[in-house]
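Written below as structure tokens is the structure these notes are about.
Rule-based calculations on the coordinates, nothing more; no lab input. The structure displayed is predicted, hence computed values, not measured ones. No Cβ is skipped: glycine too gets one built from the backbone with ideal geometry, and neighbour counts run over all protein chains shown.
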């Protein structure tokens, strides 16, 4: 029963998380509220950091992690398959019909609306991660993560040509240094 529930919950996330991995975050926060024994806000924040610094899609990494936490290897397979199944089904359908309707004004308008929704989903997710990372439970600012955030953000804005991989490695090193200080 747990395997089927994992598949179904992640199928719903995969079906409605239009816009990629970051767009899954609001659904994962909701899942955390619904099943706190499955995944916590802290788990989401940690997995976001892991997912951003390792190969693979954020949503897939999150589903795999949660499934493994809940029901070991088979759970991770069920959650991951649940997450990607809607994309596979939808892309097969869309590929078939999009060529016929790509110039249709209704299709263009629908994609126009979806882009705005994706931005809202990603912004919401960003705000949730911001709160989890830079504030404690009483909404007091956490000094070390805030310093790290400012250093990395200013560096990324000032040195735009530096690869994101460099910032990820630098962040990991800075995190170690700040924890030791």
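The ranking of 132, 152, 141 from fewest to most other beta carbons within 10 Å of each one's beta carbon is 141, 152, 132.
Springs between Cα atoms under 10 Å define the GNM used for the chain, and in it the highest mean-square fluctuation of 41, 124, 73 occurs at 73. For the options 87, 171, 45, a Gaussian network treatment of the chain with springs between C-alpha atoms closer than 10 Å singles out 171 as fluctuating the most.
Given the options 27, 101, 149, which has the most mean-square fluctuation in a GNM of the chain, springs set between C-alpha atoms less than 10 angstrom apart? Largest GNM mean-square fluctuation: 101. Of the options (1) 33.8, 130; (2) 18.6, 61; (3) 14.7, 45, only one is Rg and Dmax of the Cα atoms in Å as computed from these coordinates, and that is (2).
From the largest down, region 137-181 spans 37, 21, 14 angstrom on the principal axes of its Cα atoms. Each 5 Å bin, from zero up to the one with the longest distance, holds this percent of the alpha carbon pairs of region 3-78: 3, 18, 30, 31, 16, 2. Note that region 83-181 shows a convex hull volume over its alpha carbon atoms of 183 Å³ per residue. Helix 58-101 and the long axis of the chain differ in direction by around 50°, with both axes built from C-alpha atoms. Among 52, 99, sorting on how many other beta-carbon atoms sit within 10 Å of each Cβ, with the fewest leading, yields 99, 52.
Maximal additional length on extending the residue 49-residue 162 stretch stands at 38.8 nm, based on 0.36 nm per residue less the C-alpha distance.
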